[in-house]
Amino acid sequence: MNDDELLAGIRDAFNVLDPVPDGVLAAARASIAWRAEGATLAELARDRGGQPAAGLRGAAGRVLTFACPGTEVEIEVAEHGRDRELTGRLVPSAPALVQVRHRDLPPDAITTRAEPAGLFCVPRVPAGLVSLVFRLDDGTSIVTSWIRL
């Protein structure tokens, strides 16, 4: 018995004894469609959930900051029942097409524009796992890591 035959036997045993759930396989296959090739990943740097932003009065919202080399994306999340409203800005400011990626929606279901000052607002985003893609007018792209809203 060679290594390939041994690995095939082990794989067959796992498929019988502990198969991967169909939902997990479907999610893994679908994740390939969510890739944003050539985009710079902006990872979550800060999550101020429920803490009021400095100098603001009123209800505490969730403020998220995503960072990548040379750019930050700041997003405030306001809850409206099952939906969320996302307001934010790109730092440094730049105009961009903003695409919301949500696991329960088609890829281009929610889009808006960030104005030249980098400000944007996305109303009615369903609660759940979300990632944002910013397609800047200079041809570059930034994608945020996935976050549960």
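Derivation of every value follows stated rules applied to the coordinates shown; laboratory data play no part. Values in this document were obtained by computation on a predicted structure and should not be read as measured data. Backbone-built Cβ (ideal geometry, glycine too); neighbour counts: all protein chains shown.
Some notes on this structure:
- The calculated FRET efficiency for ILE10 paired with ARG148, based on their beta-carbon distance and R0 = 41 Å, is about 0.75.
- Close amide-amide hydrogen proximity is noted between ALA45 and THR65, PHE66, ALA67, each under 5 Å apart and 5 or more residues distant or on a separate chain (H modeled in the peptide plane; Pro and chain starts excluded).
- For percent of Cα pairs over 24 Å apart, the value calculated from this model appears in (1) 38; (2) 42; (3) 29 under label (2).
- Note on ARG48 and ARG82: the extension gain reaches 10.2 nm, defined as 0.36 nm multiplied by sequence separation minus the Cα-Cα distance.
- Ranked by the mean number of other Cβ atoms within 10 Å per residue, highest first, peptides 107-119, 3-15 order as 107-119, 3-15.
- Residue exposure sequence - PHE134, PHE120 - by fewest surrounding Cβ within 10 Å: PHE120, PHE134
- Amide H within-cut-off set for ILE110, under 5 Å, with H built and near neighbours excluded: VAL100
- Within the chain, helix-based [θ] at 222 nm, where runs of 4 or more DSSP H residues each add -39,500 (n - 2.57), nearest 500: -6000 deg cm²/dmol
- The mean sequence separation of alpha-carbon pairs under 8 Å and at least six residues apart, normalised by the residue count of the chain, gives a relative contact order of 19 percent.
- Residue exposure proxy: LEU129, LEU64, ordered by other Cβ atoms within 10 angstrom of their Cβ from fewest to most, comes out as LEU129, LEU64.
- Ranking of HIS80, HIS102 by count of other Cβ atoms within 10 Å, fewest first: HIS80, HIS102
- In degrees, nearest ten, helix 3-17 long axis to first principal axis of the chain (Cα): 70
- For the chain, the longest principal axis of the C-alpha atoms and the axis of helix 22-33 are separated by about 60°.
- Label reach from THR111 (point 7 Å along Cα→C-beta): in the stretch 129-149, amide nitrogens under 16 Å belong to 132-143.
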